[in-house]
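J.: Pasting in a structure now, in structure tokens, and then I'll have a few things to ask.
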Amino acid sequence: QVRLVESGGGSVQPGGSLRLSCAASGFTFSANDMGWYRQVPGQEREFVARISSGGRSTLYADAVKGRFAISRDNAKNTVDLQMNSLESKDTAVYLCAVVTGGRGIAWGQGIQVTVSS
């Protein structure tokens, strides 16, 4: 079965940085697009970034463009999200996902990111 395990979350001050990592298993990682999403309780899950199976193409939500960078290592079955210049509105649970047809189809458990003073 698909397993996606996020790590690297925590609490940071505004303007700070965090790097999230997602370790994948149970499927052919190199054949699938991957993505990051985020969710605040009571709100719809929000797209953050995605990366093509070979890592050549990326797409970002306008809210994070220029601040976040998605990357992957197909030899290690990992996908990362580097988050810089963090703001309070970035506070959310962040989820790693397998992406098919531009939409998330399988999800990790999620990891908390809190940006506050």
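J.: Can you tell me the Rg and the Dmax, both Å, for the Cα atoms in the range 1-70?
T.: 13.4, 38
J.: Just to be sure I understand: if I project the alpha-carbon convex hull of the range 14-53 onto a plane and average over all orientations, what area do I get in nm²?
T.: Mean shadow area of the hull around the Cα atoms is 4.4 nm².
J.: Considering only DSSP states other than H, G, I, E and B, which GluC sites (Glu not before Pro) in the range 25-88 qualify as loop sites with at most 15 other Cβ atoms within 10 Å?
T.: Glu44, Glu87
J.: Hey, another quick one. Per the Kirkwood definition applied to all pairs of different Cα atoms, how many angstroms is the hydrodynamic radius of the chain?
T.: 14.1 Å
J.: Using C-alpha positions alone, give me the convex hull volume of the range 50-95 per residue in cubic angstrom.
T.: 81 Å³
Bear in mind these aren't lab numbers, they're just calculated from the coordinates by the rules spelled out. No experiment lies behind these values; they were computed from the predicted model shown. Heads up, the Cβs are rebuilt from the backbone with ideal geometry, glycines too, and the neighbour counts pull from every protein chain shown.
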